[in-house]
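The structure appears below as structure tokens.
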Amino acid sequence: MSAYIIAIDQSTAGSKVLLFDTLAHVVATSTKQHEQYYPQAGWVEHDVNEIYNNVLSCIRDVLDKAEVTSQSILGVTITNQRETAVMWDAATGEPLCRAIVWQCQRTSEVCAALKAAGAEAMIKSKTGLMLDPYFSATKWQWMLQHVDAVSTKLATGTLLAGTIDSWLLWKLSGGAIHATDYSNASRTSLFNIHTLQWDEELCELFKIPINILPQVKCSDEIFGYTNSIEVLDDGIPITGIIGDSQAALFGNRCFVKGAAKATYGTGTSVLMNIGATKPIHSHNGVVEAIAWGQGGVVTYALEAIIRSSGDSLSWVRDNLGLFTSFEEMEALIQEVDDNEGVYLVPAFVGLGAPYWQPEARAAITGMNRRSNKSHIMLAALESIAYQVCDAVELLQGSAQLRITELRVDGGASRNNRLMQFQADILRAKVIRTEVAELSAMGSYYMGGLALGMWNSLEDIPPITQEFSFEPLMSKDRQERLYRGWKQAVLSVMAASSEA
């Protein structure tokens with residue numbers, strides 16, 4: 001009988017479930033979008049019950065599509081949007097409020113106050129992270145202080161806190177397992193990446209009771225087993241749990257020092273394997289990251305975080321109404337050969353690396369009377385490549401390593417014009433595989449290692465078909481365009497400092 005692994009890819013925009021066979025082939029996929037809630041300017045929330053129900057629906061769908069029964073499933077793996085914070089009642093299994101999404105800026109003032117008190121240096125030294133509302137700790141702190149149900153459940157001893165992976169694991173295991181992996185724990189601002197433990201001093205600083213946090217494990221451990229869920233039999237191993245950006249690094253087979261990837265999603269994460277089992281000191285807004293725990297060993301990486309990339313295209317479509325489908329957008333931007341000085345700086349939820357300006361606001365600059373909607377759409381598309389170039393320069397400086405090729409994945413990586421422009425602006429080769437869902441592939445690889453499908457990283461089957469984009473643009477034009485981008489960003493930052 002054929003055997004399969006179910007990979008859950010829980011992103012910011014929706015739930016995707018992929019059914020893999022043991023040869024790393026995708027047999028079936030299913031996707032469902034979930035609602036994005038914006039209760040106030042800069043606030044972003046998700047309904048985690050909706051997310052869980054969508055996951056179950058997608059699992060059922062891929063089994064039906066492939067005509068596969070639950071008895072053929074070797075394991076379930078999870079890769080997820082990171083930093084998004086959830087709190088729920090262990091007694092009832094119900095979330096106590098909507099999840100606060102990684103993009104949410106509601107705790108900016110809390111972070112500013114802690115910075116003013118001099119706390120950032122200590123946080124950075126222990127976690128590798130700067131002090132920013134992007135990460136989970138201040139989100140949980142906000143829930144404890146502002147949601148009555150949370151403080152009530154804390155008093156009764158049934159309060160649990162976790163990121164999206166922990167929530168899905170807890171639900172899929174029938175409430176039996178409260179755990180996470182090193183990659184997700186390291187994104188909370190509460191996890192010490194040197195001792196590999198929740199840090200009591202950090203928990204005290206952020207006022208988070210340490211006992212409500214999940215157990216932390218390597219990504220390739222068996223976390224638990226399915227229990228009492230309608231779409232799968234009981235007793236199927238749950239493994240391969242890893243944050244989506246790190247999973248994409250693993251799925252891209254970036255196993256060696258200096259290997260780097262960019263995942264183009266709602267935001268973009270540019271991640272570099274530093275080839276070390278200890279973190280290295282970083283600067284200028286680079287995040288020291290745990291890439292993964294595998295085989296009992298933790299591997300470290302450096303990361304630069306971009307807040308808005310694919311989300312910028314969604315804004316142009318949904319809020320400005322300039323196009324209705326990405327196929328239409330591609331046709332319209334073919335009408336212009338150059339941005340003609342028009343830039344979109346997508347600081348809709350602040351600016352990430354290398355600027356880390358949470359209060360910055362988006363702007364379109366450089367328009368003249370000839371500018372039209374095609375220029376604005378092109379500016380939105382090109383803003384993704386400019387930000388990735390910023391991030392790569394930052395990583396190279398921190399790691400003292402030259403990135404000669406960038407492996408790419410995620411939805412926007414399917415756009416050939418963007419990928420060619422990325423290679424041109426970066427002045428480096430860009431490599432895209434035939435598989436777009438590299439985060440799911442990474443968690444599948446981890447799960448396969450845990451389940452004994454392969455004995456080592458060298459045994460993992462490679463993705464055979466790849467597409468390369470080589471730099472073609474003249475150096476003069478590249479420098480002119482990139483200089484214009486830098487000037488546009490500086491104008492946005494200057495406006496935010498004056499506000």
If you go through 91, 3, 85, the only one that is touching an Asp or Glu at 6+ places or on another chain (Cβ under 8 Å), among the aliphatic types (A, V, I, L, M) and closer than 22 Å to residue 223 by Cα is 3
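If you take the residues of the range 181-197 that are in contact (Cβ under 8 Å) with a residue 24 or more places away in the chain and part of a loop (DSSP other than H, G, I, E, B), which of them is farthest from residue 212 (Cα to Cα)? Steps first, answer last, please.
At the first step, the residues of the range 181-197 found to be in contact (Cβ under 8 Å) with a residue 24 or more places away in the chain are 181-194, 196.
If we keep only those that are part of a loop (DSSP other than H, G, I, E, B) too, we end up with 186-190, 193-194, 196.
Numbers: 186: 16, 187: 16, 188: 13, 189: 15, 190: 12, 193: 19, 194: 21, 196: 17 Å.
It comes out as 194.
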Filter the range 128-156 for residues that are assigned to a helix (DSSP H, G or I) and small (Gly, Ala, Ser); which is nearest to the chain's Cα centre (by Cα)?
-> 137
So which of 494, 440, 488 is assigned by TED's automatic domain parsing to the domain that holds residue 345 and crowded, with 18+ Cβ neighbours inside 10 Å?
-> 488
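One line per residue, one yes/no per condition, for (1) among the basic types (Lys, Arg); (2) assigned to a strand (DSSP E or B); (3) at negative phi; (4) in contact (Cβ under 8 Å) with a residue 24 or more places away in the chain:
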| position | (1), (2), (3), (4) |
| --- | --- |
| 65 | yes, no, yes, yes |
| 68 | no, no, yes, yes |
| 82 | yes, no, yes, yes |
| 104 | no, no, yes, yes |
| 109 | no, no, yes, no |
| 113 | no, no, yes, no |
| 126 | yes, no, yes, yes |
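Considering only the range 283-291, I want to know if a residue exists there that is polar (S, T, N, Q), in a loop (DSSP other than H, G, I, E, B) and within 20 Å of the chain's Cα centre (by Cα). Can you show your working first?
Of the range 283-291, the ones polar (S, T, N, Q) are 284.
From what's left, in a loop (DSSP other than H, G, I, E, B): 284.
If we keep only those that are within 20 Å of the chain's Cα centre (by Cα) too, we end up with none.
Within the range 283-291, not a single residue is polar (S, T, N, Q), in a loop (DSSP other than H, G, I, E, B) and within 20 Å of the chain's Cα centre (by Cα).
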In the range 339-380, which residue that is among the hydroxyl-bearing types (Ser, Thr, Tyr) and part of a strand (DSSP E or B) is farthest from residue 418 (Cα to Cα)?
-> 365
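One line per residue, one yes/no per condition, for (1) aliphatic (A, V, I, L, M); (2) touching a helix residue (DSSP H, G or I) at 6+ places or on another chain (Cβ under 8 Å); (3) touching a residue at least 40 places away in the same chain (Cβ under 8 Å); (4) buried (at least 18 other Cβ atoms within 10 Å of the Cβ):
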| residue | (1), (2), (3), (4) |
| --- | --- |
| 445 | no, yes, yes, yes |
| 452 | no, no, no, no |
| 470 | no, yes, yes, no |
| 476 | no, no, no, no |
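Please enumerate the residues belonging to the range 229-269 that are part of a strand (DSSP E or B) and at pLDDT 90 or above.
Applying the first criterion (part of a strand (DSSP E or B)) to the range 229-269 yields 237-243, 260-264, 268-269.
Scanning the range 229-269 gives 237, 238, 239, 240, 241, 242, 243, 260, 261, 262.
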Residue, nearest to the chain's Cα centre (by Cα), within the range 420-431, restricted to residues that are surrounded by fewer than 23 Cβ atoms within 10 Å (Cβ to Cβ) and within 24 Å of residue 291 (Cβ to Cβ) | 431
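Across the range 133-145, what is the total count of residues that are closer than 18 Å to residue 301 by Cβ and touching a residue at least 60 places away in the same chain (Cβ under 8 Å)?
Pass one, the range 133-145, residues closer than 18 Å to residue 301 by Cβ: 134-135.
Within this subset, residues satisfying the condition of being touching a residue at least 60 places away in the same chain (Cβ under 8 Å) are 134.
So the answer is 1.
The values are calculated or read from the model by the stated rules, or taken from the named source; none is laboratory data. It should be emphasised that the depicted structure is a prediction, and the values quoted were computed from it without experimental measurement. In this analysis, Cβ positions are derived from the backbone assuming ideal geometry, glycine residues included, and neighbour counts consider all displayed protein chains.
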